[in-house]
Amino acid sequence: MTRAASSKGILPYQHITQLIARGSITSDHPIEDRQIQPASLDLRLGKKAYRLISSFLPELSAISSRLNVLDFYQSDLVMYEMELTQGAILEKGHVYLVPLLEQLDLPATLRARANPKSTTGRLDVFTRVVTDLNAGFDEIRAGYRGPLYLEVVPRSFAIKVRTGDSLNQIRFVRGDATVSDSALQKLHGTDPLLFRNASPPKPLPQKEFRTERGLFLRIDLTGSAREDAVIGYRAKKNSHVIDLAKIGHYAALDFWEPLKRHRQDSLLLEPEEFYILASKERIRVPPGYAAEMVAYEAACGELRTHYAGFFDPGFGYGDGKMRGTQVVLEVRPHDVPFLIHDGQTFFKVVYDRMLTVPTQVYGTALGSSYQRQALTLSKHFKA
């Protein structure tokens, strides 16, 4: 189902190319076609990274004033700087700040928000965008003019990165784009958004379609329903460096502990461990919409259920004949051990309207690594 163009919504592929042409997005390194996604733009790491003492928010000053000091020993923020042009290792548990290659000069009617890419989240790399004179992460105010910086915190694995690598992406938003609960219910009735993960997948009955400022989904702890099915992965504590340039290179068992199905179809999540899990339902995003997973939903427990939350138009949808795709979750519990059961309500997805349907959607000509995913690790691991 397609929608007519709106005055409010997420800017699609073709409008992002117009922003670049008009100079609203600029870079000293030409922006590449591969960076432009159906509803977002991949941002690239710059030439340097700064190892920070801690995270921070530059509400009262420009970020450059905190970085350009003659003696870092006199700085309350920066420990040292490192070159990324030939590649550098970012150690786990450390905080880094990387000036990005892209800069913005947004119109007064356009704001933006950023999010890690799926591959970044699945490696437990915590990233968020910081901008000058801003009191929040990942939210870029309407009319912002200036540089972009990325805070990078590898949590489970040390990573090797280079200038030009893309760890996160940015969406451009005009007005209030959020789809209401009633509109979601109506849309599901005509163009189903959720399917049962069965063979064949069937649309979720309306009575099981739960909404409250977004769409609730459940956790899958049965996997293939075999007794020895793998239902998730837990990151190992001490592993080698992961080079982000090496695709399909690493053996998963060197970095991950497979989690087998429990006899009670439950799983005890330990505080500050990192898990890869999957949703019970299959989700799809029609071409006239985009979606985003809510990182924290207090009603579902004291845990973070994702780092990378953007779903592009066409995700799990294809030409309209696809019956959805499972959502892969990047889960980190906090504070207390948390027991979860199969089919438990676990996370929420918010849908946004597109300004107009993108000329390219997820799963077509663009790099769409996870269109038909089930329980899937990042693309750096051997299949």
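Bear in mind that the values in this text are calculations on the coordinates, not laboratory data. Everything numeric here is computed off the predicted structure, so don't read it as measured data. Every residue, glycine as well, gets a Cβ built from its backbone with ideal geometry; the counts of neighbours run over all protein chains shown.
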(Q) Two decimals, Cα atoms only, Kirkwood Rh: what is Rg/Rh over the chain? (A) 0.96
Q: State the Cα centre-to-centre distance between region 199-233 and region 72-129 in whole Å.
A: 34 Å
Q: Please compute the Cα-Cα pair-distance distribution of region 9-174 with 5 Å bins starting at 0, giving whole percents from short to long.
A: 2, 9, 18, 22, 21, 15, 9, 3, 1, 0
Q: Could you work out the Kirkwood radius for region 19-84, taking every pair of different alpha carbons, averaging 1/r and inverting it, reported in Å?
A: 14.6 Å
Q) Regarding region 236-316, what is the average projected area of its C-alpha convex hull, in nm²? A) 7.9 nm²
**Q.** Under the Karplus curve 6.51 cos²θ - 1.76 cosθ + 1.60, θ = phi - 60°, whole-Hz ³J(HN,Hα) for region 267-277, x wherever Gly or Pro sits
**A.** 8, 8, 8, 8, x, 6, 8, 10, 10, 10, 10
Q | Where labels lie 7 Å past Cα in the beta-carbon direction, separation of Lys321 and Thr85 in nm | A | 5.1 nm
Q) Where in region 257-294 does the amide nitrogen come within less than 18 Å of the point 7 Å from the Cα of Val336, taken along Cα to Cβ? A) 267-273
Q. Pulled fully out, how much extra length does the chain show between Ala62 and Asp105, if you take 0.36 nm times their separation in residues and subtract their Cα-Cα distance?
A. 13.9 nm
(Q) Using a Förster radius of 56 Å, what is the FRET efficiency between Lys382 and Thr190 based on their Cβ-Cβ separation? Nearest 0.05, please. (A) 0.85
Q. Taking region 138-244, how many lysine pairs are there with alpha carbons less than 24 Å apart, if each pair must be eight or more places apart or span two chains?
A. 4
Q | the chain: most fluctuating residue of Asp176, Asp335, Asp124 per GNM, C-alpha cutoff 10 Å | A | Asp335
Q. For region 181-353, taking Cα atoms only, what is the radius of gyration to one decimal and the Dmax to the nearest whole Å?
A. 16.6, 49
**Q.** Cross-link pairs Lys117/Lys260; Lys92/Lys260; Lys117/Lys382 - those with Cα-Cα distance over 23 Å
**A.** Lys117/Lys260; Lys92/Lys260
